Amino acid sequence: MNRYRPIGLYDSGIGGLTVVREVFAQLPAENVVYFGDTARVPYGCRQPSELISFNREIMTFMMQQGVKLVLVACNTSCAVALGALRAEFPIPIIGLIDAGAQTAVEAGRRIGVIATEATIKSRAHERAIHQIAPDREVLGLACPTLVPLVESGRWQGKEAFETVYEAIHPLINLKLDALIFGCTHFPHLVPIVSEILGPQVRLIDPARQAVSNVRRYLSMNRLANVGEPKGENRFYVSGEPAPFQFLANHLFAGTVGRVESIALPFPNVSSIA
Ligand code: DGL
């Protein structure tokens, strides 16, 4: 496997860019291929069978792009599809749920999780946390209104505050030690969540630990891109490229070049779904 190949990341939309941001920070020499399934966002209200089928299509696309490793930048996908993908695709696949659990167990006993309906229903975070520390109390809350809010780019202001407050107010006064952002869209809302819950709740974005897991894997397997000049990052979406490009450039200070649109169904992968 060639260490100069890119890392693949994907999500239903712009949420996974919070994970790309962490890749840029921790692994600046690596090239990235990103896919946002913006024609089919949100994922959180879908059934596991449908999500597994979307994930298979995207993984096939990633294989066609020649990636050396995939970091699944979508908790919903990790919660319902990671096992199936690992069994089917001959490539390292790293997820976010274990990474979030790893960080959260160190933060205290009462751990909150905000995520999509599908992720909360799967209880994937609870299982991952209890595997490491069975005595932790895990309180999951589905927040379906936050993904459309983030996709619309309204990450600040009165409307954003009110929507986030409405979604997470059941967590106020629960004496949480930590809160896992169990959906990659939500770290775009960190300042508002922090204002609502206060400084005593440690906010955990699993992306940091997940990318650190990727870094360890790459270096242990001699797959890290060392000594080669950085190439181009490539961004693809299944919907309209313009809104994605605008928000991605806002996040990455204008460094995102062209965003290409891929019309669904994916070319050459329909037989797999
Ligand atoms: N950002 C994704 C996640 O981490 C999916 C959100 C959605 O499309 O509902 O779960």
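The values are calculated or read from the model by the stated rules, or taken from the named source; none is laboratory data. Since the model is a prediction, treat every value here as computed from it, not as a measurement. Neighbour counts run over all protein chains shown; Cβ positions are idealised from the backbone, glycine included. Side chains are part of the model used for accessible areas, which takes the heavy atoms of the whole protein and leaves out ligands, DNA and RNA. Shrake-Rupley method; radii C 1.70, N 1.55, O 1.52, S 1.80 Å.
For the chain, the dipole from Cβ point charges (+1 on Lys and Arg, -1 on Asp and Glu) about the Cα centre works out to 660 debye, to the nearest 20. Only alpha carbons enter this Debye calculation for the range 148-195, each as an equal point scatterer, and the log10 of I(q)/I(0) it gives at q = 0.13, 0.16, 0.23, 0.26 Å⁻¹ is -0.28, -0.43, -0.87, -1.09. Measuring nothing but protein heavy atoms, the accessible surface of the chain at 1.4 Å probe radius is 52 percent carbon and sulfur. Taking the average, over residues, of other Cβ atoms within 10 Å as the packing measure, peptides 29-37, 94-102 rank 94-102, 29-37 from highest down. At a probe radius of 1.4 angstrom, the accessible area of the range 198-254 per residue rounds to 58 square angstrom. Take 42-55, 6-19 and order them by the average number of nearby Cβ atoms within 10 Å per residue, most first; the result is 6-19, 42-55. Per the Kirkwood formula applied to alpha carbons, the chain shows a radius of gyration over Rh ratio, Rg over Rh, of 0.95.
When the chain is described by a simple charge dipole with +1 on each Lys and Arg Cβ and -1 on each Asp and Glu Cβ, the residue from Asn75, Gly13, Phe246 located farthest towards its positive end is Asn75. Residue separation of Lys175 and Arg86 scaled by 0.36 nm, minus their Cα-Cα distance, works out to 28.4 nm of gained length. Charge dipole of the range 73-196 (Cα centre as origin; +1 on each Lys and Arg Cβ, -1 on each Asp and Glu Cβ, all else neutral): 180 debye, rounded to the nearest 20. Highest-first packing order for the peptide set 110-120, 215-225 is 110-120, 215-225, based on the mean count of other beta carbon atoms within 10 Å. Converting phi to 3J(HN,Hα) with the Karplus coefficients 6.51, -1.76 and 1.60 and the offset θ = phi - 60°, the range 8-13 yields x, 9, 8, 7, 6, x Hz in sequence order, with x at every glycine or proline. Relative to one another, the C-alpha centroids of the range 109-134 and the range 76-91 are positioned 18 Å apart. Remark on the range 125-273: Rg and Dmax equal 19.1, 51 Å (Cα only). Using the Cβ-Cβ distance between Arg216 and Cys45 with R0 = 45 Å, the FRET efficiency computed as 1/(1 + (r/R0)^6) comes to roughly 0.85.
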